[in-house]
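Chemist: Structure in structure tokens, see below.
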């Protein structure tokens, strides 16, 4: 009986140590980049809420060949006397030529009634758009912005930096 148990146990151990099936991870191809013509560049509008805690993003005149778009708003905020880079972004399936988003500059918790913690000390940042076509090509646009408060009205205003050149990558 002991011999049968030893033979069975040995067989199971040796069976487990047999040749293993290996899998090869094939890297996915990075999207090909293309040069975006000046006439195909969408219009980007950033409008702050009066208190400066939210930015209304509007992207219009999106070309018909764009099927998806990624956006990322990056800014620096002051927290506990430290400057911290923060951001908000999303990927959007494009089905019309204009999209709008309300971008909160802070955090929101709505588990039992909504509570907000707004970021402070924001003076500007950048908006990055990646336009993606149905065949997987992409073009990126980046613009800088400044957020300032009018001394008289106390309203916040955004100025998009005109010297910021949209960046596009050439084909790989």
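The values are calculated or read from the model by the stated rules, or taken from the named source; none is laboratory data. Keep in mind the model is a prediction, meaning the values are calculated, not measured. Glycine gets a Cβ as well: all are built from the backbone with ideal geometry, and neighbour counts include every protein chain shown.
Chemist: Among the listed residues 90, 97, which satisfies the condition of being outside any loop (DSSP other than H, G, I, E, B), touching a strand residue (DSSP E or B) at 6+ places or on another chain (Cβ under 8 Å) and at pLDDT 95 or above? Working first, answer last.
Modeler: On the way: 97 fails: outside any loop (DSSP other than H, G, I, E, B).
It is 90.
For every residue, the table says whether it meets (1) closer than 25 Å to residue 129 by Cα; (2) surrounded by 12 or more Cβ atoms within 10 Å (Cβ to Cβ).
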position	(1), (2)
76	yes, yes
79	no, yes
86	yes, yes
95	yes, no
102	yes, no
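Chemist: Follow-up. Across the stretch 50-63, what is the total count of residues that are surrounded by fewer than 16 Cβ atoms within 10 Å (Cβ to Cβ) and at pLDDT below 95? Steps first, answer last, please.
Modeler: Of the stretch 50-63, the ones surrounded by fewer than 16 Cβ atoms within 10 Å (Cβ to Cβ) are 50-51, 56, 58, 60-61.
Okay, now just the ones that are also at pLDDT below 95, so 50-51.
The total comes to 2.
Chemist: Counting only residues that are surrounded by 13 or more Cβ atoms within 10 Å (Cβ to Cβ) and within 20 Å of the chain's Cα centre (by Cα), which one in the stretch 24-44 is modelled with the lowest pLDDT? Explain how you work it out, then say what you get.
Modeler: So the first thing to find is which residues in the stretch 24-44 are surrounded by 13 or more Cβ atoms within 10 Å (Cβ to Cβ), and the list is 31-34, 36, 40-42, 44.
From what's left, within 20 Å of the chain's Cα centre (by Cα): 31-34, 36, 41-42, 44.
Working: 31: 58, 32: 84, 33: 87, 34: 85, 36: 89, 41: 95, 42: 96, 44: 95.
Step by step, filter the stretch 24-44, then rank; the result is 31.
Chemist: Shifting gears a bit: Pull up the stretch 43-79, narrow it to residues that are in a loop (DSSP other than H, G, I, E, B) and touching a residue at least 40 places away in the same chain (Cβ under 8 Å), then point me to the one that is farthest from residue 153 (Cα to Cα).
Modeler: The residue in question is 65.
Chemist: Among the residues of the stretch 115-134, are any free of Cβ contacts under 8 Å to residues at least 40 places away in the same chain, over 14 Å from residue 49 (Cα atoms), assigned to a strand (DSSP E or B) and over 20 Å from the mean Cα position of the chain (by Cα)? First the steps, then the outcome.
Modeler: Step one: of the stretch 115-134, the residues free of Cβ contacts under 8 Å to residues at least 40 places away in the same chain are 115, 117.
Remaining after also requiring over 14 Å from residue 49 (Cα atoms): 115, 117.
Filter once more, keeping what is assigned to a strand (DSSP E or B): 115, 117.
Within this subset, residues satisfying the condition of being over 20 Å from the mean Cα position of the chain (by Cα) are 115, 117.
Checked against the condition, which is being free of Cβ contacts under 8 Å to residues at least 40 places away in the same chain, over 14 Å from residue 49 (Cα atoms), assigned to a strand (DSSP E or B) and over 20 Å from the mean Cα position of the chain (by Cα), the stretch 115-134 yields at least one hit.
Chemist: Go through the stretch 64-73 and count every residue that is surrounded by fewer than 17 Cβ atoms within 10 Å (Cβ to Cβ) and touching a strand residue (DSSP E or B) at 6+ places or on another chain (Cβ under 9 Å). Show your work before the answer.
Modeler: Keep residues of the stretch 64-73 that are surrounded by fewer than 17 Cβ atoms within 10 Å (Cβ to Cβ), which gives 64-65, 67-68, 70, 72.
Among the residues that remain, those that are also touching a strand residue (DSSP E or B) at 6+ places or on another chain (Cβ under 9 Å) are: 65, 67-68, 70, 72.
Number satisfying all stated conditions: 5.
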